[in-house]
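Read the structure below first, then the notes.
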Amino acid sequence: MVYPCFCTRADIAASLTAPHGDAASAYPGTCRRLPDNPTRRASTSHSWRLDAAKAVAVAGLPGWTEEGGTRFEARPEYIGDVILARKDAPSSYHLACVVDDAASGVTLVVRAEDLRPSTPIQRLLQTLLGLPEPAYLHHPLVTHGDGRRLAKRDLAPTLAAMRDAGCDGRQLAAELIAGQLPLGFRLSQS
């Protein structure tokens, strides 16, 4: 269910901007059908990708349950040939995440709604590896007034900076619990 991938990010970007490229796909499958070549693998840097079609054929399209009981079904377009082991790291985020969650006994995964598209991939890996399914909660993002998500790269204020500017932590917590957001922030619409 895995295959070596010799593509660089530049190769993938170029293939997606070509006239025949599929912008909806994160990876065009360039290396999926290459014959196994141990000599090339030994001499050329590569990552290992999951063949999503084969994996789904074995495990099906696993869904997941959100906190509160809502059941989601995986959408095939969110399950691509993800990297399981990178050229520069022994494990990808998705693989490390599901193995670590299982080893740590995680029963509830809480993260922002912009990461919901990662959940079908992680559920597929959990199913393939026989790992338990945690419940999930994908919460709305806190955004700037113009809708951009708060991010360090955009110099969004940190709690420490807000504290230094005189923001009272207890008052901030009470406002957040009441659904009021400071400094013109807002919750994204789910």
- Message: Once you keep just the Cα pairs under 8 angstrom separated by 6 or more residues, what percentage relative contact order results for segment 2-139?
- Response: 25 percent
- What longest range of the chain stays clear of loop-exposed trypsin sites (Lys or Arg not before Pro) (DSSP non-H/G/I/E/B, at most 16 other C-beta within 10 angstrom)? 88-147
- Query: Excluding the sites themselves, what is the longest stretch of the chain that contains no GluC sites (Glu not before Pro) in a DSSP loop with at most 16 other C-beta atoms within 10 Å?
  - Reply: 74-190
- Where in segment 126-149 does the label zone of Thr70 land, with the point 7 angstrom along Cα→C-beta and an amide N cut-off under 14 Å? 136-141
- Can you give the helix-only mean residue ellipticity at 222 nm for the chain, where every DSSP H stretch with n ≥ 4 adds -39500 (n - 2.57) and the sum goes over all residues, rounded to the nearest 500 deg cm²/dmol? -9000 deg cm²/dmol
- Query: Under 5 Å between amide H atoms, partner at least 5 residues away or on a different chain: which partners does Ala112 have, H built in plane at 1.01 Å?
  - Reply: His139
- Task: Specify, per residue and in Å³, the volume enclosed by the convex hull of the alpha carbon atoms belonging to segment 142-187.
- Result: 66 Å³
- Item | Using θ = phi - 60° and Karplus 6.51 cos²θ - 1.76 cosθ + 1.60, couplings along segment 156-168 (whole Hz; Gly, Pro as x) | 4, x, 8, 4, 4, 5, 5, 5, 4, 7, x, 5, 7
- Item | Three principal axis lengths of segment 91-190 [C-alpha, angstrom, descending] | 49, 26, 26
- Message: With the cut-off at 1.5 for a/c, could you classify segment 45-121 from its C-alpha gyration tensor as rounded, prolate or oblate?
- Response: oblate
- Message: Run the lone-cysteine check on the chain: no other Cys C-beta under 4.7 Å from the residue's C-beta.
- Response: Cys7, Cys97, Cys167
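Bear in mind that the values in this text are calculations on the coordinates, not laboratory data. Computed from a predicted structure; not experimentally measured. Cβ sites come from the backbone with ideal geometry, for glycine too, and all protein chains shown count toward neighbours.
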